[in-house]
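So the structure is just underneath, and the comments pick up after that.
The values are calculated or read from the model by the stated rules, or taken from the named source; none is laboratory data. Everything numeric in this text was worked out from a predicted model, so none of it was measured. Every residue, glycine as well, gets a Cβ built from its backbone with ideal geometry; the counts of neighbours run over all protein chains shown.
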Amino acid sequence: MNSRTLLGIVALVVLGLLAWELRWVLLVLFGAIVLAVALDVPISQLRRLLPLNRGASLVIVVVSVVVVGGLLSQLLLPELVDQIHELTNLIPIVYQRLIVLAGQMPGLPNLENQLLQPGTLERLQPVGTQILGLAGGAASSTIQLVLMALLAILLALDPRSHQKILIAITPELWRHKTREVLAECRQALGGWLAGMTLSAVSVFLLTWAGLAALKVPLALLSGLVCGMLTFVPTIGPSAATLLPLALALLVSPATVVQVLVLRLILQNVEAFLITPLLLSRTVNLLPTISLMAQLCLGALLGLPGVLLALPLVVVLQVICEEVVVKEVMDRWV
């Protein structure tokens with residue numbers, strides 16, 4: 001091993017350690033890039049329709065998002081706050097229903113005994129308060145979210161200058177390929193974001209309407225949770241189904257079966273019809289890769305890692321296809 005190879009290995013180790021120490025900064029930066037791409041999608045569409053520069057288009061998009069978000073907040077936020085408060089009151093009732101249900105099933109004596117242990121109800125009752133406490137703790141990350149939003153606006157305002165920086169630090173031989181890879185990553189990430197957003201909105205509206213038709217309590221809150229967890233494929237939809245199932249238990253066992261059938265239908269429609277149709281022109285992620293990425297980044301970075309796992313996998317998959325496969329493996333004789 002010569003001195004140049006040893007120096008390269010040491011440099012890679014130092015860069016790896018530095019990246020790990022700055023992982024939260026890099027996470028905020030990548031989140032800002034994802035938001036910038038999300039802003040760039042409507043900006044590009046608007047500039048195709050109207051003779052506007054990027055700055056004016058960005059202002060129109062941001063103002064539109066703020067106005068639409070404000071209107072939706074006025075319409076839905078009061079009801080959501082009431083339903084969250086009602087959920088904290090319904091948790092003990094759901095607990096009692098589970099005890100009764102466990103007592104009716106001869107195969108679950110251990111579960112019933114565990115639920116009937118002294119102090120279990122006392123530990124379960126404050127769950128709603130703990131959830132609200134977690135939400136309050138998440139508010140401490142407001143500075144990071146504001147910084148992410150500001151970085152996203154700056155990136156969306158002048159993306160070419162930032163792309164030129166990345167291209168300039170690559171060797172001359174690879175600059176043309178770097179430009180192509182960046183364009184492919186932008187297209188794949190933008191298509192994935194647009195497709196998943198439309199898919200999540202569809203799941204939210206269909207779940208809300210279905211649960212309201214079945215007269216399940218807190219239909220709006222359940223529909224919103226199911227729609228938001230659509231961005232976490234594989235484990236998200238299954239976890240989101242637990243809330244409407246638990247609330248349907250307050251109505252009747254037949255309603256539980258109806259809600260389960262409704263969610264199974266919507267999950268299959270979303271997984272095999274809506275999402276493939278919306279993402280037909282972008283990166284197709286395998287469920288195994290998606291699940292492993294969520295588990296790995298979730299273990300390393302917690303909830304933010306789970307939320308940003310799939311956008312990162314979309315980018316890495318494009319890089320692997322364009323660089324590792326085409327430039328290395330296909331030319332390996």
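Checking L145 against (1) within 25 Å of V25 (Cα to Cα); (2) surrounded by fewer than 20 Cβ atoms within 10 Å (Cβ to Cβ); (3) within 18 Å of the chain's Cα centre (by Cα); (4) in contact (Cβ under 8 Å) with a residue 40 or more places away in the chain, which test does it fail?
Against the list (1) within 25 Å of V25 (Cα to Cα); (2) surrounded by fewer than 20 Cβ atoms within 10 Å (Cβ to Cβ); (3) within 18 Å of the chain's Cα centre (by Cα); (4) in contact (Cβ under 8 Å) with a residue 40 or more places away in the chain, L145 comes up short only on (4).
Would you check if there is a residue in region 206-223 being surrounded by 15 or more Cβ atoms within 10 Å (Cβ to Cβ) and within 16 Å of the chain's Cα centre (by Cα)?
Yes, region 206-223 contains at least one residue that is surrounded by 15 or more Cβ atoms within 10 Å (Cβ to Cβ) and within 16 Å of the chain's Cα centre (by Cα).
Test T255 against the stated conditions and say whether it is among the polar types (S, T, N, Q) and closer than 25 Å to V34 by Cβ.
no
What is the residue count in region 153-211 for residues that are hydroxyl-bearing (S, T, Y) and within 25 Å of M228 (Cβ to Cβ)?
Of the residues in region 153-211, the ones hydroxyl-bearing (S, T, Y) are 161, 170, 178, 197, 199, 202, 207.
Still in the list and also within 25 Å of M228 (Cβ to Cβ): 197, 199, 202, 207.
Qualifying residue count for the region: 4.
Give all pairs with beta carbons closer than 6 Å in which a residue from region 262-291 that is part of a helix (DSSP H, G or I) and at pLDDT 80 or above meets a residue that is aliphatic (A, V, I, L, M) and surrounded by 19 or more Cβ atoms within 10 Å (Cβ to Cβ); count only pairs at least 6 apart in sequence or on separate chains.
These pairs meet every condition: L266/L206; E270/V203.
State whether one or more residues within region 60-69 are part of a helix (DSSP H, G or I), more than 26 Å from L224 (Cβ to Cβ) and either in contact with a Ser or Thr (Cβ under 6 Å, 6 or more places away or on another chain) or at pLDDT below 55 (or both). Let's see the steps before the verdict.
The first filter runs over region 60-69 and keeps only residues part of a helix (DSSP H, G or I), leaving 60-69.
Applying the additional criterion that residues be more than 26 Å from L224 (Cβ to Cβ) yields 60.
Now drop any that are not either in contact with a Ser or Thr (Cβ under 6 Å, 6 or more places away or on another chain) or at pLDDT below 55 (or both), which leaves none.
Checked region 60-69: no residue is part of a helix (DSSP H, G or I), more than 26 Å from L224 (Cβ to Cβ) and either in contact with a Ser or Thr (Cβ under 6 Å, 6 or more places away or on another chain) or at pLDDT below 55 (or both).
What number of residues within region 201-232 are under 17 Å from L250 (Cβ atoms) and hydrophobic (A, V, I, L, M, F, W, C)?
Qualifying residue count, region 201-232: 10.
State all residues of region 198-249 that are farther than 30 Å from V34 by Cα and among the β-branched types (V, I, T); if no residue qualifies, say none.
V216
Which one of these is part of a helix (DSSP H, G or I), at pLDDT 80 or above and over 30 Å from R97 (Cα atoms): V324, V257? Let's see the steps before the verdict.
Working: V257 fails: over 30 Å from R97 (Cα atoms).
The unique qualifying residue is V324.
Can you spot a residue in region 304-319 that is part of a helix (DSSP H, G or I), of a type in the set (V, I, T), within 18 Å of A240 (Cβ to Cβ) and touching a Pro at 6+ places or on another chain (Cβ under 9 Å)? Lay out the reasoning, then the answer.
Restricting attention to region 304-319, the residues satisfying the condition of being part of a helix (DSSP H, G or I) are 304-319.
Those still in the list that are of a type in the set (V, I, T) too: 306, 313-315, 318-319.
Among the residues that remain, those that are also within 18 Å of A240 (Cβ to Cβ) are: 306.
Add one more test, that the residue is touching a Pro at 6+ places or on another chain (Cβ under 9 Å), and what stays is none.
Among the residues of region 304-319, not one is part of a helix (DSSP H, G or I), of a type in the set (V, I, T), within 18 Å of A240 (Cβ to Cβ) and touching a Pro at 6+ places or on another chain (Cβ under 9 Å), which makes the answer no.
Among the residues of region 187-210, is there at least one that is β-branched (V, I, T), part of a helix (DSSP H, G or I) and farther than 30 Å from D40 by Cβ? If you could, list the steps in order and put the result at the bottom.
To start, the set of residues in region 187-210 that are β-branched (V, I, T) comprises 197, 201, 203, 207.
Now drop any that are not part of a helix (DSSP H, G or I), which leaves 197, 201, 203, 207.
Adding the requirement that they be farther than 30 Å from D40 by Cβ leaves none.
No, region 187-210 contains no residue that is β-branched (V, I, T), part of a helix (DSSP H, G or I) and farther than 30 Å from D40 by Cβ.
Per-residue answers, yes or no, for (1) within 28 Å of S222 (Cβ to Cβ); (2) of a type outside the set (S, T, Y):
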position: S3; (1), (2): no, no
position: G55; (1), (2): no, yes
position: L80; (1), (2): yes, yes
position: I91; (1), (2): yes, yes
position: Q96; (1), (2): yes, yes
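Among the residues of region 254-275, count how many are in contact with a helix residue (DSSP H, G or I) (Cβ under 8 Å, 6 or more places away or on another chain) and exposed (fewer than 12 other Cβ atoms within 10 Å of the Cβ).
The number of residues fulfilling the criteria is 0.
Go through region 163-183 and count every residue that is buried (at least 16 other Cβ atoms within 10 Å of the Cβ) and under 28 Å from P233 (Cβ atoms).
The qualifying residues number 2.
Give the residues of region 241-252 that are part of a helix (DSSP H, G or I), of a type outside the set (S, T, N, Q) and touching a helix residue (DSSP H, G or I) at 6+ places or on another chain (Cβ under 8 Å), sorted by residue number. Steps first, please.
Pass one, region 241-252, residues part of a helix (DSSP H, G or I): 241-248.
Okay, now just the ones that are also of a type outside the set (S, T, N, Q), so 242-248.
Selection gives L243, P244, L245, A246, L247, A248.
Restrict the check to region 84-102 and report whether at least one residue is among the hydroxyl-bearing types (S, T, Y), at pLDDT 85 or above, within 26 Å of F231 (Cα to Cα) and in a helix (DSSP H, G or I). First the steps, then the outcome.
At the first step, the residues of region 84-102 found to be among the hydroxyl-bearing types (S, T, Y) are 88, 95.
Checking the rest, the ones that are also at pLDDT 85 or above come to none.
So far as region 84-102 goes, no, none of its residues is among the hydroxyl-bearing types (S, T, Y), at pLDDT 85 or above, within 26 Å of F231 (Cα to Cα) and in a helix (DSSP H, G or I).
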